[in-house]
Every structure is written in C-alpha cells, then in structure tokens.
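Input: a single structure, listed below in structure tokens.
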Amino acid sequence: MTLRVALVGGPMYDHLYSIVRSFDAEVVVHADHPTLNREVAARLHAGERLDVISTHSKYAPSQAQWLTPLDHLIDTSGLAPLAVDLCRFDGQQFCVPRLIDVRIMWARADRVEMVPDTWHELASSGIAYGFPGRESGLFGTFFELVVGAGGQLFDANGAPTINSPEAVAAVETLCRLAANAPSDLPEWHYDQVDAALLSGRVDAAGAWPGAWGSIRESALAEVLRPHPYPAGSVRRVSYAGCHAWAVPQTCGDTTGALALIEALTQQSAHELDARHGSVCAHVDAFAAVEPDSDLDRQRRAITARTISESMITYPPHPRFPELEDAAWAAINGALRGSCSPSEAVSTMQTVAERVLT
C-alpha cells in the first residue's frame, strides 16, 4: 500500500526527504508549516487517509483528536528527554521529535561593528534586523519580547493576561524594528528572513539552526557571525519547540507508517539533519557530527547555551493555534500601521479570552 505523507517544506527540511522517496510513498502535502497545518487539519477533519505527517510539538495538542498515541510503538530511548517530553500531551506521546528549533542571531561583521545585546539596543541602533512579519514566527518574536521583559501571556492557571504594558511595549518594539527593515517585512515567512539576510537586504536576523546550510554556502559566509539572541530587560529568551513525526488515526497502513518513522528517526537520518545545521533530537547523532569550522563551532556553542538557558515554549492547549493565528494578524496590522500597538494587544486579549477560557 502506497503511504500518503504530508511534509513540512523548505531548505531547512527538504534534505531528509530522500528517505521518504526510498519508500513506496506519495507526498500529498509539501508546504511551509502554517500551510501544512491548514491542509492537514482540513484533510483529517474530512476523514481523509494520511499515514505519516510532519507536525510540531506546539501544534500536536490541537491535532491530538486525530493522532495515534505512539507510546510503546516507537523507540525514543536514543532521543533527548527534553525533546521527547515536549512531544507529549495529556500523558501520551502523540509525536516523535525530529529536531529542536531555537533561534540565535546572525549579524554582518562588515556592517555591524557593535552587535546589540538587547532588544532595546537593537531597536535604537538603526540596524536593519530581519524577523518573520507574519504567522507563528511573528507571534513567537512577540512572545519572546514579552517574557524577556518580565511579562507573561498566561497566568499559572492558563488564563490569558496578554493586555499588559509589557505586551504593548513588545509590539512597539516590533514596529520600530520593522521601520528599520525593508518595507515588505510584514509579508515575510521564515525562509524570506533567511533570504533577506543572505542577499544583504538586512544587516542581521534571527535564524533557526536549519539555516546554517544556506549561511555556510552563501557568498556572505565570510562576514556573517553568530551571536546570542537579543535579551529583554529582565532575561534572554528564545521561543522554541520540536519538529516531529506523527501517525494520524486515518492511517491505512500502520506497519508501513511506523517503518517510515523508524527510518526517519534512526541515527543516520538525524546525522543528516545535524550536518545541515539542525539540532537533531538524537543525542548520539548530534555528538557524532563534528563542527566543520570554527564558525560552526561558535554557532553550535551559542545554540546549545540558548537551549540550556534561554528556551521557552508555549502552553500545551488544543486551541492555542487559534489564538496564535489571531494574534499574529493583530501584530501584523500594527506593523502595517492599520492599528496601534495598544489596539493590537487589546484584540489579542479579547480573542484569547474567547478561545482559551
């Protein structure tokens, strides 16, 4: 039986899919993550057969109603416990981690003499800084700014506390950063941020580990340098999670689906991810791939320190993606000047109260 597979696409992820092509498999979705999520949700809601899907630890709770628990079906013993735990929800293993995604900052040494250490310094510097202007990447940057300033989006019981001075200041900072960047930044997804950095349209940008392959091979590799992600006034944080694999309940060939996931999670597959820059979830695989240069060694050290000391994640709420969609749209409106930062924050709070309570 031909496996039906839905995959996240883009230069940070596509290198692994030669493994999928070695199986009898049809790739029915191959798209950026927001598009993938919408396609998968629509297909699973309609009862369409999907055998293996790319997902993310952040989104798995919203997909749990359609996913097969993988406890005792997939061996996760070689994977980082942090990554495995992030892929659990409601006491069950709904997905198996592929990699840990956490941003650091890259800056051009030929343009940026003094690299800002904080968001405030960065926004005041006039440096053209690239960040996603839409979707999850924009909301994640907002989340980082709020938490880094000592604020919170949710209280201890999960109730939304978005309407705060820290949140308004975060949107104001994003607007200031966008004003120093190319005018089309509100249209950028993740890959467009990397493209802007590597084409010289921005002086610096936040980048996920998978961007390393493109950075290493670019014409600007000699001038790009890794740095810790900007800190807030209280702490330095980077919003992160795990890309992962899951088996929907509509799977028509569970044996074949598990065999594909086992192939995608074996050490050699994780080593392939690591060689392209990702922080693969397989502990031995990550250790086996040596840095290929001093620059790579610096990048890995900063990334490892960020995961250890600065990584924050999202509340495991089944309807969190609904809030995220409404929130990034509100922030995007502020970037475009169609609403004020305080209006954007008020909208987010209203939506959060409706969705999460």
Check: For region 177-281, which trypsin sites (Lys or Arg not before Pro) are both in a DSSP coil and crowded by at most 10 other Cβ atoms within 10 Å?
Finding: none
Next item on the list: Would you compute, from DSSP H runs of 4+ residues alone, the mean residue ellipticity of the chain at 222 nm, taking -39500 (n - 2.57) per run and dividing by the full residue count, rounded to the nearest 500?
Entry: -12500 deg cm²/dmol
Next item on the list: With label points built 7 Å along Cα→Cβ from the Cα atoms of residue 313 and residue 49, find their separation and express it in nm.
Entry: 3.3
Notebook entry, point to check: Put a dot 7 Å past each Cα toward the Cβ at residue 233 and residue 32; how far apart are the dots in nm?
Noted result: 3.2
Notebook entry, point to check: Between residue 72 and residue 109, what FRET efficiency comes out of the Förster formula 1/(1 + (r/R0)^6) with R0 = 35 Å and r the beta carbon distance, rounded to 0.05?
Noted result: 0.10
Next item on the list: Can you work out the accessible area per residue across the chain, with the rest of the protein chains kept in place, probe 1.4 Å, in square angstrom?
Entry: 39
Check: Carbon-plus-sulfur fraction of the accessible area of the chain, 1.4 Å probe, in percent?
Finding: 50
Note to self: I want to verify a result. In a Gaussian network model of the chain, Cα cutoff 10 Å, which of these has the top mean-square fluctuation: 50, 82, 145?
What the structure shows: 82
Notebook entry, point to check: Among (1) 19.8, 58; (2) 21.6, 75; (3) 24.5, 101, which is the computed Rg and Dmax of the Cα atoms in Å?
Noted result: (1)
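The values are calculated or read from the model by the stated rules, or taken from the named source; none is laboratory data. None of these values were measured; they are calculated from a predicted model. Don't worry about glycine lacking a Cβ; one is built from the backbone with ideal geometry, like all the others, and counts go over all protein chains shown. Side chains are part of the model used for accessible areas, which takes the heavy atoms of the whole protein and leaves out ligands, DNA and RNA. Shrake-Rupley method; radii C 1.70, N 1.55, O 1.52, S 1.80 Å.
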